[in-house]
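This report refers to the structure that appears directly beneath it.
The values are calculated or read from the model by the stated rules, or taken from the named source; none is laboratory data. Bear in mind the structure is a predicted one, so any value in this text is a computation, not a measurement. With ideal geometry, Cβ positions are generated from the backbone for all residues, glycine too; neighbour counts draw on all protein chains shown.
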Amino acid sequence: MTALPLPPQRLPLTVLDYVALGEDPDGVRYELQEGNLVMSPSPIPEHQIAVMRLARQLEDRLPANLVLVPDVDIDLQLVPPKRPGTVRAPDLVAVTQGGLARRRSQGGVLRASEVVLAVEVTSLGSERMDRVVKRDEYADAGIPHYWVVDLGEPGDRPQLTAHHLAGEFGYADAGPVSGTFTATEPFPVRVDLDVLV
């Protein structure tokens with residue numbers, strides 16, 4: 001049996017406090033939600049396979065100013081730096097080259113203002129978090145595009161719902177798509193969803 005790491009004794013945490021904790025221990029995945037550590041188990045193999053297969057399809061379509069990064073911390077910048085913060089780790093993000101350069105020179109984590117697309121692949125137990133909580137947080141953070149991929153149950157066809165910012169109303173979407181997903185924004189892409197499973 002492996003003991004779970006103890007969370008810090010002082011909560012709530014700022015984003016800087018969270019960054020100071022270092023990398024997540026093996027088998028544990030932390031995010032920061034309004035200053036509180038939220039833990040989830042490591043994803044199952046099928047989830048990770050779907051993320052890799054999706055990344056392969058997106059990688060060649062990215063414009064030169066964007067980089068695709070898996071499972072990386074993003075400061076949602078929802079509050080001033082000295083307040084309890086929120087840091088999420090989407091399954092995939094398309095982030096600007098400038099954002100990566102800023103992070104390399106200044107340290108810390110990537111920022112929501114540097115993210116063009118965030119992607120979450122739902123897992124058992126994460127559906128509400130991905131479809132409701134993160135959807136609202138990412139919209140509040142101003143991330144222009146948010147895709148939710150639902151692999152469904154064994155035998156189901158995967159579906160992708162592409163959300164885009166629609167002004168003061170947050171995200172809007174055209175509903176889930178199965179089979180082939182095509183988009184022109186945030187960059188032209190065609191995704192074969194059936195190969196994700």
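Within segment 141-167, track down each residue that is of a type outside the set (Gly, Ala, Ser) and not in a strand (DSSP E or B).
ILE143, PRO144, LEU151, GLU153, PRO154, ASP156, ARG157, PRO158
Would you pick out the residues in segment 143-165 that are over 17 Å from the mean Cα position of the chain (by Cα), at negative phi and either surrounded by 21 or more Cβ atoms within 10 Å (Cβ to Cβ) or modelled with pLDDT under 95 (or both)?
Across segment 143-165, the qualifying residues are GLU153, PRO154, ASP156, PRO158.
For segment 14-131, give me every one of the strands (runs of 3 or more DSSP E) that falls completely inside it and has 2 or more residues that are in contact with a His (Cβ under 6 Å, 6 or more places away or on another chain) and farther than 23 Å from PHE181 by Cα.
none
For (1) surrounded by fewer than 18 Cβ atoms within 10 Å (Cβ to Cβ); (2) out of contact with any helix residue (DSSP H, G or I) (no Cβ under 7 Å at 6 or more places or on another chain), each residue gets a yes or a no:
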{"position": "LEU16", "(1), (2)": "yes, yes"}
{"position": "VAL38", "(1), (2)": "yes, yes"}
{"position": "GLU46", "(1), (2)": "yes, yes"}
{"position": "PRO90", "(1), (2)": "no, yes"}
{"position": "ALA112", "(1), (2)": "no, no"}
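A quick yes/no check of all residues on (1) under 22 Å from ARG61 (Cα atoms); (2) touching a Leu at 6+ places or on another chain (Cβ under 8 Å); (3) not basic (Lys, Arg):
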site: VAL109; (1), (2), (3): no, no, yes
site: ALA141; (1), (2), (3): no, yes, yes
site: VAL149; (1), (2), (3): yes, yes, yes
site: PHE181; (1), (2), (3): yes, yes, yes
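Looking at segment 60-75 only, could you name the residues that are in contact (Cβ under 8 Å) with a residue 40 or more places away in the chain, closer than 18 Å to PRO186 by Cβ and touching a strand residue (DSSP E or B) at 6+ places or on another chain (Cβ under 8 Å)?
Hits for segment 60-75 are ARG61, LEU62, LEU66, VAL69, ILE74.
List the residue pairs whose Cβ atoms are under 6 Å apart, where the first residue sits in segment 168-183 and is under 14 Å from VAL149 (Cα atoms), the second is part of a loop (DSSP other than H, G, I, E, B), and the two are 6 or more positions apart or on different chains.
Pairs that qualify, where the first residue is under 14 Å from VAL149 (Cα atoms) and the partner is part of a loop (DSSP other than H, G, I, E, B), are SER178/ARG157.
Among the residues of segment 40-59, what is the count of those that are farther than 24 Å from PRO188 by Cα and in contact (Cβ under 8 Å) with a residue 12 or more places away in the chain?
Result for segment 40-59: 7.
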